[in-house]
Structure formats: C-alpha cells, structure tokens
Amino acid sequence: MLDYFTFRELVREIGPQIEGQWVRKIYQPHALELVLHFAKDKTLIFALLPEFAHVRMDTEKPSKRLSSPFLLLARKYLEGQKVIECKMVEGQKILIISTRGGTLIAELPGIKNRLVLIDASSRILGTLPREKVETIYEPPKPPSPHLGFAPGDELKKAWLKIFAGDEKWWGLNKLHWEILREYPQNKALDLLIGLRNGKNLSAQFVSDEGVSLIPKPSVSSLNLPVLETVGEFYAKQLAETAIASKRTQYLSLIHDAEKKRKKKLEAQQQTLDEAQQSEKLKISGDLILAHLSEIKPNQDHLIVQEIEEPMRLDPNLDGSGNAQAYYKRYKRAKQAVMHLSREMEIAQQEIEALNELETWVMVSETESHLAWVAQQLARLHIAVPETSKKKLGLPANKCLSVKGPHGATYLVGRNQVENVEALRLANKEDLWFHARGIPGGHVILRAGEKKITQEMILQGAKLAAFYSKGRTWDKVPVDYTKRKEVRPIPGAQAQVTYRDHQTILVKPS
C-alpha cells in the first residue's frame, strides 16, 4: 500500500491535472472502487481494497460498471461540477476533492479505507463502503509527534532535532528506516531535511512492501513521475491478483472434475469385476446341455456334481432354451467387459490430463496461459465461466527465457505447447531438465560455448522444480541429461523418454 510520502507526492501531481476540470461521469467498477472521469479521457481511480489501497490516474473508462446508493449520490452531487480544489490533510493519507456541489474525501490509511461524500455544510451524504458515521465530518487529527525513540539512536535523535517544534507529522514507516540506515549518516540527514522541506525527490523505487520515494542504494531508481510509477505498480499488482483469482477458480474446477471421474471409475471397476465372472455363465450353459435328459418340464433349477450351487432355470423354457439364455448372458457380459475397459481407459487418461492441467494452472503467469488451460478443459467438456470463444483461441506465449549465472540462458516450458517449443529450440548438446515422475515444464540450459558449471546445473534444476507440480514441496528430484538423449514419444504431445541422465534434489525457486 502507499506510504505517506508517496501519497503526498501523488496529490501534488494529481492536483494540477484535475483542478479546474469538470467531472463528466462517475463509475463504480468494483464494490470498493470509484472512478471519476474528466475531459481528454482522464480518469481518477480510488481503490479501497485493504491490500492495494491507492489513488491513480488512467486514460481508459472502466469496462465493468456496478450500481450502488453511494454511486447515485456521487453522481447527483459531483457530476457536471468543476473541481475547485484538490488537497490533502497534513500528516494523513487523506485526499480532499472539492466542488461547488459537494466534496469527496478519500481516507486511505491502509486497512480501513473509505470514501466520504459531504455537502457544503460538511453534512455527510454517504460513505463507501457503507457504514454508520457522525452527521458532521471532521478530518482525523495528526497523531502525536512523540515517537518513543530508543536511547542512543543517533539517526532518530537527528530526526527530533530537525523536526523539533513542528506540529506537522511526517511519520516514517519501518521500510523507510531500513533504507535510511543503508546510507552514510550525512546522506541520511540530507534526505530527512529534504523531506522536512517538502522536497519532491525525483528517484523512486517499488518494493515488496509498497512504493517509496526514498531511493535505496541497492535498488536501481526509476526516474519516472510518482503518478506513473504508482500506476504501473498497482496495475501489475491488480493484474496478478486477477490471475491468482482465476487460478483458484480453475483449480477448483479441475479438482471437482477429477473427483467425479475417480468416483465414476470406481463404479465402473465394480461393474467390470462383476462382468468378468462371465465365464461361469458359459460353463452353466455347457452343463445344462450335458444334462438335458435330467431336465423336466417346468423345472426351475438344476443340481449337478460339477458345481456346488444349483443353477437357476426358466420354467417356461426347455433345457436347450435355458442353455441358450445362459449363452446370451455370457455374450452380453463379454461385450460389457470390452466396453467398460475402453471407458475406464478413457477415464484414466482424462484423470491424468486433469492432473497435468493442474500443474499448468499452478505455473500460469499470463492470461494467455490460462486461456490455453481453458481450451484444454473445454476439450474435456469442462466449461470455464466467463471465458469467451475469442479468449479460448488465444495462442500460448512462447517459452519463457531466463538469464542465469555466468551468462547462461534457460528456456522454460509452462504448458505443453511451450514444452514442444523448448525442445525444438534446443541444440543437441544443451542440457535438458525435468522434475522426476511428475507433470512439469521442460527446461533447456543453453550455455553456448561457455563451460557448464555446477551452479548452472543447480539453477536449471531449481527452475524445473518450480515449474512443476512439486513447486510447493520442500525438495524435488530433477532429472537432467543432454538434449540428444531425449526422445519425444510419437503421438504424445510433449511427452518424452530419455537416458543417461543424472538426478539432483533441489528446493524449487
């Protein structure tokens, strides 16, 4: 989520772009998202999602649009109005956009985020998400400036000295302190003074914990405006979240389909076991013919020495007719065995295909990868909700290319199509990797003229483990050999046999 300093710079960049502009249309693409559309295809997006709370500018109108009481109020009081002022509350991640019709207040602390709509007298008209609030709106006051610094902390002592007597709150989070400590003390103090004076730092970077304005020595700076940096960062985060959501959906479909097929296979196996007793029917028919002289009219059973249990007879048939009835049942049972065997073979193949598709879902990194999985599921008569025919036709991406140690290049397959491509691009002396005994991607190490080191082999094995069904395991056995020792199986896409291989146990990464 956004830190305070980045939020401050965002407001500084957003203000000049929307002040004096007319709010043309307001949309709500998500239950926790609101979009203000201005002239020249400029849109201001408020995202209240707890893990991705942020504000960003975009140039496209949202394709998905919901409706809510808050949206109706926002349209009533803000649409067609000119933005008079765009400002923030000092020391808080609170953005205020004022028009003559009403004022929109965005509170984005990180966990409990909300939008508040008020009129000219500060009377609350509505909130998003909907909650009960006081009648008169008062922005939260900045927290106490007392930081509770540990004794002997020179950097924080300097902080107190620089900000002494200032009522404004410029709180640093844990990430900032860790970054500042990587600098020499003089440089760190210069950064603090710059922040104190409201300096707009030109260097930004994106980390796992969010977006920060303080440049980190070990991270290459992105010389981009804050608005652009934040927009790209959250666009990527939201795209990854969407893909993760689809992965969960596809895995659920695959698990349900696999469970149904296994249950059906068990029932078929039971029927097959019964049908395989068909030889007894033929023996019964033969015995009836051998004992025709002992069968009387209307007799309903026959006892012979060859078998312990009496054989049932149809009293409406003579001995020959009963024998033919047993032969007919024998013939039907034999046909059922053949039919069930074929059906069970198909069911087993489908279970194996689903097991492999589960792996491809786990390693999917783009929409086209998931589109390819959806296409394979459709062939198994498993419908994927909200998947258009156009998307089903998307080609899978080319195999992934990864740079490794000592200038080595790795080709990684993330589905069957990419596996075939990786094998096609490999030279006979390249190394081939695959997780042992489980579905996964083919990995090709292309070292060229470079000498292959143990570090290169280890990296190739780790990639093969990560792009396999064992990517969540602690350790995965990976086989590797030269590409010339790998032979595709005719008629089986991306399945191979190989020889003269070695095995290495690695942690997926």
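The values are calculated or read from the model by the stated rules, or taken from the named source; none is laboratory data. Values in this document were obtained by computation on a predicted structure and should not be read as measured data. Glycine also receives a Cβ, built like all others from the backbone with ideal geometry; neighbour counts cover every protein chain displayed. Just so you know, the surface numbers come from the protein's heavy atoms only, side chains and all, with ligands and any DNA or RNA stripped out. Shrake-Rupley method; radii C 1.70, N 1.55, O 1.52, S 1.80 Å.
For this structure, a couple of remarks:
- For the range 406-509, the carbon plus sulfur part of the accessible surface works out to 51%, probe radius 1.4 Å.
- Computed from backbone phi, the HN-Hα couplings of the range 46-53 come to 10, 10, 9, 4, x, 7, 10, 4 Hz, rounded to whole numbers (Karplus: 6.51 cos²θ - 1.76 cosθ + 1.60, θ = phi - 60°; Gly and Pro given as x).
- Share of carbon and sulfur in the accessible area of the range 261-365 stands at 50%, probe radius 1.4 Å.
- Which listed pairs, of Lys259/Lys334; Lys112/Lys236; Lys82/Lys246; Lys296/Lys331; Lys262/Lys484; Lys398/Lys475, have C-alpha distances above 32 Å, in listed order: Lys82/Lys246; Lys262/Lys484
- The local environment of Gln81, defined by Cβ-Cβ distances under 13 Å, has a net charge of +2 under the rule Lys, Arg +1 and Asp, Glu -1.
- Computed from phi, the 3J(HN,Hα) profile of the range 340-352 under the Karplus parametrisation 6.51, -1.76, 1.60 (θ = phi - 60°) reads 5, 4, 5, 5, 5, 5, 5, 4, 5, 5, 5, 5, 5 Hz, with x in place of Gly and Pro.
- Amide H contacts of Glu85 (H built 1.01 Å from N, under 5 Å, at least 5 apart or other chain): Ser98
- Around the amide H of Gly126, modelled in the peptide plane, lie the amide H atoms of Leu117, all under 5 Å away and 5 or more residues distant in sequence or on another chain.
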